[in-house]
1. When the residues of region 213-228 are filtered to those that are of a type in the set (Phe, Trp, Tyr) and in a loop (DSSP other than H, G, I, E, B), which remaining residue is farthest from Trp98 (Cα to Cα)?
2. So which of Pro486, Pro430 is surrounded by fewer than 16 Cβ atoms within 10 Å (Cβ to Cβ) and modelled with pLDDT of 95 or more?
3. For region 354-374, give me the residue count where each residue is out of contact with any Phe, Trp or Tyr (no Cβ under 8 Å at 6 or more places or on another chain) and at pLDDT 90 or above.
4. When region 423-454 is examined, which residues are found to be over 33 Å from the mean Cα position of the chain (by Cα) and of a type in the set (Gly, Ala, Ser)?
5. Condition check: outside any helix (DSSP H, G or I), surrounded by 22 or more Cβ atoms within 10 Å (Cβ to Cβ) and within 19 Å of the chain's Cα centre (by Cα). Does Gly315 satisfy that?
6. What's the total number of residues in region 12-58 that are under 26 Å from Ala181 (Cβ atoms), in contact with a helix residue (DSSP H, G or I) (Cβ under 9 Å, 6 or more places away or on another chain) and surrounded by 24 or more Cβ atoms within 10 Å (Cβ to Cβ)?
7. Determine the pairs where a residue that is in the same structural domain as Ala244 (by TED's automatic domain parsing), located within region 294-323, has a partner that is outside any helix (DSSP H, G or I) and surrounded by fewer than 14 Cβ atoms within 10 Å (Cβ to Cβ) with Cβ atoms under 9 Å apart, the partner being 6 or more residues away or on another chain.
Amino acid sequence: MPLAKRGWIGDGVRGALVSADGTIDWFCPTGVAGPPACWSLLDPLGGAVRIGPVRNGSRAHRELPPSAQAYRPGTNVLETVLGDGAGGRVSIVDLLPWPGPGLTVPGQILRIVTALAGPVEVEVEVLPAGSFRPARDVSPFETGLVVDDLVVRAGFPLYFEPLGRDAPRWRGTRRLVSGEAIVVTLDRLGEERPVPVELAHRVAADTEGAWRSWLTPIGYDGPYRAAVERSALAVRALTGAAGAPVAAGTTSLPRRTGSERGSDDRWVRIREVAAAAQVWAAAGFAEDAEAAESWLRDVVSNTPLPWPGSLDEDGQPVPELEVLSMAGWRRSQPVVVGRTADIRDLDLYGDVLAAYGASARGPMGGTGATPLSAAWPALAEGADWVSDHWGSPDAGIWESQGPPTLLVASRIQAWYALDRMARLGRATNPLDLQAASWHQEARQVLAWLETDGLATGGGLRRDGTPGGDDEPDAALLRMAWRGPWPTAHPFVAATVDRVLEQLGSGHLLYRHPERIDDGRAGPDSPDLLASLWAVRALTELGRWEEAHERLEAVVGLAGPTGLLAEAADPVSGELLGNLPGTAVHLAVVDAALALAAGPR
């Protein structure tokens, strides 16, 4: 089933994917980055829990009529409607309750099943598995089934029976008349308890109300309102109590089917927390912007230089990469958990500095005290580090695993970091010698950009190495709003046009030319973050119609639930990569806000 035919339910700590046939095929009960109890998304033998009309007979006869799946408006509460092909229909409402006292135990998924038309025979089908391994213990009881540390429980007698031999499933059934509802929960062992239908409906109503209340401050009311709301809700569902969203909810979903281009993105990328601080503030979510800045403050104050690209939610190192033996999504390998040791990422410092004071600026551009101001000593050390290392090769924002390169886009971000720190330092003390040093270093970076960074065909190139390649890089698009030149400068338009022309695939963009060695085997796919940067760059140039067309193309790739992953197939447009993607959804909001400043 395509990735677009799934919805993500989350409470900011943990989350799950629910496919359009009623199957939960990805769920990590202890936290988004924790071990999964359901993982058939990555292997046919992985754990899964399905609810829906009974499917009997051979595989050919187990297909049911097409389903309908959508979020309840303004919430992360997901509803899937399934028919049995004989007039019976059921609604399955899936949610992780809004965090708060007195609702349900932590980690509990509520699945409220209601017969819209009946009678209809409903099955609860469990494919048992442990955490990336076979299940060690499968124990049915009167109202449910225990699979290792996962408990699938109903509030009524539900007698599970084993089905199949090689890959045994367990199934319990219940006949529902029209209007009748049942509740099934997924819990961690030891924390489960029955949830009566009345309580489940109350929890669902409270959770819907809480999500809609959170969405109230949104400061956007334009043609992309639905996409902006869904993007904001998706990122918030990936954001823990500390204020830092993880990069995505899943691991090892490849950027190209059958390729090795997969990674574990269930960790926090510092640059994406910085982006969240800016987008939350611009969109009117002041508390979320402050929380993201506070997380950044703590991380930059307590993390040795050079700062890593990824950390866990508590600001601690990510576990080392481990390759797992399993089939992979559509036979795409490897399946991995953890991350490789961070490769030097120079432009990270520009991203952090761009977030400085975002919550105080807010949607109206005001000023005030900021959480990051307390991190000034660490920021100053970071600027000194950039001064010493901006001339060294790095991996860039795309985290290339190929040979480190003198990336022009990284040098633009180094210039931005040094220039902004110089301005901030001088604003406090016009005679600050450290600020003067940063200013002088920023001038050196600018001089390098205007000589070594130029392409022969106009604009900037990817590699600033003497005699290096003359290729474009989609990361250069950010120069349109975070570069040393005004948008009227010929460098800006020439670079944007060069990137769009040479990296374009319809209205989508590749990160860089395919012939570039990024250390990964096989071709890449068009990147949705890069494609959205094109929208933002075009708004800076005043090319509004083209920008609208490109945003509509990206938003149109989403399925019925409105979620986006990190990439798309160049031919079919099918979503690829880990889902949902924080950076992409933040970029949707950012692009829509930028377009709101222009003509409609």
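1. Within region 213-228, the subset of a type in the set (Phe, Trp, Tyr) is 214, 220, 224.
Restricting the remaining residues to those that are in a loop (DSSP other than H, G, I, E, B) gives 220, 224.
On the way: Tyr220: 24, Tyr224: 26 Å.
It comes out as Tyr224.
2. On the way: Pro430 fails: modelled with pLDDT of 95 or more.
Matching residue, one of Pro486, Pro430: Pro486.
3. Of the residues in that region, 1 qualify.
4. Gly425, Ala427, Ala435, Ala436, Ser437, Ala447 - these are the residues of region 423-454 that are over 33 Å from the mean Cα position of the chain (by Cα) and of a type in the set (Gly, Ala, Ser).
5. Against the criterion (outside any helix (DSSP H, G or I), surrounded by 22 or more Cβ atoms within 10 Å (Cβ to Cβ) and within 19 Å of the chain's Cα centre (by Cα)), Gly315 does not qualify.
6. Within region 12-58, the first condition is being under 26 Å from Ala181 (Cβ atoms), and the residues that meet it are 14-27, 29, 37-38, 47-56.
Of the ones still in play, those that are also in contact with a helix residue (DSSP H, G or I) (Cβ under 9 Å, 6 or more places away or on another chain) are 15, 55.
If we keep only those that are surrounded by 24 or more Cβ atoms within 10 Å (Cβ to Cβ) as well, we get 15.
Residues meeting the conditions: 1.
7. That search, which allows pairs on different chains as well, returns Pro308/Ala341; Asp312/Pro319; Glu313/Ala241; Glu320/Ala341; Leu321/Ala341.
Per-residue answers, yes or no, for (1) out of contact with any strand residue (DSSP E or B) (no Cβ under 7 Å at 6 or more places or on another chain); (2) assigned to a helix (DSSP H, G or I); (3) buried (at least 24 other Cβ atoms within 10 Å of the Cβ):
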residue	(1), (2), (3)
Trp533	yes, yes, yes
Glu549	yes, yes, no
Pro560	no, no, no
Pro570	no, no, no
Val584	yes, yes, yes
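The values are calculated or read from the model by the stated rules, or taken from the named source; none is laboratory data. All values derive from a computational prediction rather than experimental measurement. When we count neighbours, we look across all protein chains shown, and the Cβ atoms used for this are built from the backbone with ideal geometry, even at glycine.
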